[in-house]
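> Okay, handing you the structure first.
None of the figures in this text is laboratory data; all of them are computed from the coordinates on show. All of these numbers come straight from a predicted model, not from anything done at the bench. All Cβ positions, glycine included, derive from the backbone under ideal geometry; neighbour counts span all protein chains shown.
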Amino acid sequence: MQNIINAFLLVYAALFPIVNPIGSAPLFLRMTRGRSAAERSVLALNVAFNSFFLLLGSLFIGSHVLEFFGITLPVVRIAGGMVVAAFGWQLLHAPEAPDADRPKVDTPGPSIDAFYPLTMPLTVGPGSMSVAMTLGSQRPTPSEDLAQLTVLGGAAIAGLAAIALTIFVSYRFADRIIAFLGKRGTDVVMRLSAFILFCIGIQIIWNGCSVLFSKVG
């Protein structure tokens, strides 16, 4: 049970600061201005679904693609851990404006596509996908109990589902959340999340180095 909880929390805590649904909420509001609450709700739901499947593919397939090119998992973990830690460090020292580091994408005409630009690149971009890919490289070895692997995989999927739910709630009720937290509250939440992300990156680097050192020894 502890491993299941750890897998769930690892996926959620690592992806939340990068996906940054709270920080994206003001931009989502700006891009959907003039839309009714019902239209905004449908867009938020579609963005959440698109984000879930993009991250799911990165989590379970991305590391296999790297292995296809002859890149071993310990190396993937070290390189990916550096990326995760770098993202965490960058977010930790980012400007206070919630959407300061977000790409500026104009609303494409009278209708808004839920996939582009609301899902990509505003919600799930290369950074989020690389983090999910790195987390996928942390999977247990196939020699372990199949039932345990299935349960842990389910916990990871639940973590992605929680991220998608957070995206939906943050976008659907963006106006209320921003008004409740305020600028300072939003910044505090993201700073704490960024520090956790930085620590996760260091841990992933250590896991990869431990495997390489054990082989050398």
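> So how much slack lies between Leu45 and Ala13, counting 0.36 nm per residue of separation and subtracting their Cα-Cα distance, in nm?
9.4 nm
> Once each part is reduced to its C-alpha centroid, what is the distance from the range 158-172 to the range 1-80 in angstrom?
Going from one Cα centre to the other spans 9 Å.
> While we're here: Towards the positive end of the charge dipole of the range 2-216, with charges on Cβ (+1 Lys, Arg; -1 Asp, Glu), say which of Leu197, Met133, Asn207 has the farthest Cα.
Leu197
> Note down the nm distance, to one decimal, between modelled labels 7 Å out along Cα→Cβ at Leu29 and at Ile61.
With each label placed 7 Å out from Cα toward Cβ, I get 3.6 nm.
> Quick one: dipole size for the range 2-216, taken about the Cα centre, charges +1 on Lys/Arg Cβ and -1 on Asp/Glu Cβ, in debye to the nearest 20.
The calculated dipole for the range 2-216 is roughly 380 debye.
> Arranged by the count of other C-beta atoms within 10 angstrom, fewest first, what order do Asp113, Asp187 take?
Ordered by Cβ neighbours within 10 Å, fewest first: Asp113, Asp187.
> Which FRET efficiency, nearest 0.05, do Ile196 and Val151 yield, Cβ-Cβ r, R0 22 Å?
According to the calculation, E is roughly 0.35.
> If you stretched the chain out fully between Ala38 and Leu92, how much longer would it get, using 0.36 nm times the residue separation minus the C-alpha to C-alpha distance?
Taking Ala38 through Leu92 to full extension adds about 15.9 nm, to one decimal.
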